[in-house]
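Take a look at the structure below.
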Amino acid sequence: MFRFLQWLLRRERLLRFASPLFGRFNPFLREHRSNPHATWQSLREAEPVYRSRIFGAWVLTRYDDVLHVLRDQNFTTDRSGVPLMQLISRLTRNDPEFSATIERNLLTTDGADHLRLRGLVSKAFTPRRIEQLRPKLQAVVDDLLDRAGENGEMDLIRDLAHPLPVTAIAELLGVPSRDRDLFRAWSADLVQLLDPLQGRGGMAPPRRANRELFAYFKPLLAERRANPRDDLLSAMIAVEEDGRSLSELDLLALSTLLLVAGHETTANLIGNAVVALLRHRDERKRLAEDPALITRAVDEFLRYDGPIQMTDRAVREDCVIGGKQIRKGQLVAVVLSAANRDPERFSDPDRLDLGRVDNHHLSFGQGNHFCLGSQLAKLEAEIAIGTLVRRFPDFTGNPDPPGWIRSIILRGPVALPLRLA
């Protein structure tokens, strides 16, 4: 069934013909992938709390509404009652390891289970540990750009945006960065779980990748128990809270999540940022002339065109948002990308302003599920983008990438060829 739905959603002409069934919101068309902000603006202006019947979800596009849902405990990440998740659970019930990756991770647990997992992991995911990666990441970026500079050209995604975060998360976890090609392949398959209907091959690719990742991590965890090191795997094994430590299955699921989540989103952040610089040469010049602007610039890239378009929550009890009655058990999709360009919250929101000061974007979420890896993602982006602009301030390329990731959730170019001067 999954394969048929995936096949169906790749039939552009059929989906275009069926657009009236989608109402105001058809995210499967090429023009939406190229410029989702036009969709979000139209929705926000016409019906900011919109009921999409074909998706069976409410779609929220105003900053205040999105912030409310992210913070309010009436909205949960436990989606076990949602039909799509029930279907996935049925398909994976005979595979406990794959089921654990889907159901026992920081993105899908809530309440006491989530607080316990996050509390244990955050003790190991410290700012000090992240900052210690800076020299290593700078050396990786310098090496990657040295190679690109020798050729006079590069594909930003293939040659920088993907290798850097794989190396970063490998260093943090304490696994060999030489295996980054394996990690990238596994990550590409597993990330389909964020948007399973737009993947390929049904559930077989993510299931296979999960099986191979668990097989990869199991001996590493055993080795770290015997010989702890100064890395995240050892720290997660060692931490305890109220006498409880992470189980083997929790450790495997978390290691897998950190590898995938820490890879795809950061690669997309770097890709989207460089597309924005190609389209706004005056802002690129501004950054080249004032390298200290890079910290604010990364936050502006996150606001302007973040790597995650939306997330969702299930409703615990009946409530009202924007005058609309939302029922218990329904799904609410909060569009982070739309909230980040809400003119009621940001002045001139469609303008890229690398010096923007009042920039409380929602790209990392809010509340209990605020992104645990936000500091690492920003550090990687600062180093990658800052070094690229410093070393090759006059790089050129097509500001319209050859294609965008086929996903409602993720946003990023599939490739971005650059010429380096």
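Some observations on this one:
- A straight line joining the Cα centroids of the range 274-293 and the range 294-333 runs 29 Å.
- Positive-pole candidate from 331, 387, 109, dipole of the chain, charges at beta carbon: 331
- The range 283-373: GluC sites (Glu not before Pro) in DSSP loop, at most 13 other beta carbons within 10 Å: 317, 344
- With the helix formula -39500 (n - 2.57) applied to DSSP H stretches of n ≥ 4, the chain reaches a computed 222 nm mean residue ellipticity of -16000 deg cm²/dmol.
- GNM result for the chain, Cα springs below 10 Å: residue of 62, 316, 44 fluctuating most strongly: 316
- Legend: ranking of residues 179, 230 from fewest to most surrounding C-beta atoms inside 10 Å; resulting order 230, 179.
- Estimated vicinal HN-Hα couplings, Hz - the range 318-327 in sequence order (Karplus 6.51, -1.76, 1.60; Gly, Pro = x): 3, 7, 10, 10, x, x, 9, 7, 10, 8
- Additional length obtainable on full extension of the chain from residue 128 to residue 142, 0.36 nm per residue less Cα span: 2.8 nm
- Think of the range 2-419 as having a plus end and a minus end, set by charges on the Cβ of Lys, Arg, Asp and Glu; of 29, 357, 222, 29 sits farthest toward the positive end of this dipole.
- The chain, relative contact order [Cα under 8 Å, separation at least 6], %: 25 percent
- The Cα center of the range 8-23 and the Cα center of the range 147-166 differ in position by 36 Å.
- Size of electric dipole in the chain: Cβ of Lys, Arg +1 and of Asp, Glu -1, about Cα centre, debye, nearest 20: 1180 debye
- For the pair the range 56-73 / the range 358-418, the C-alpha centres are spaced 23 Å from each other.
- Rel. contact order, % - alpha carbon contacts under 8 angstrom, at least six apart, the range 265-398: 33 percent
Throughout, read-outs are computed from the coordinates displayed, never taken from laboratory work. No experiment lies behind these values; they were computed from the predicted model shown. Quick reminder, even Gly has a Cβ in these numbers, built from the backbone with ideal geometry, and neighbours come from all protein chains shown.
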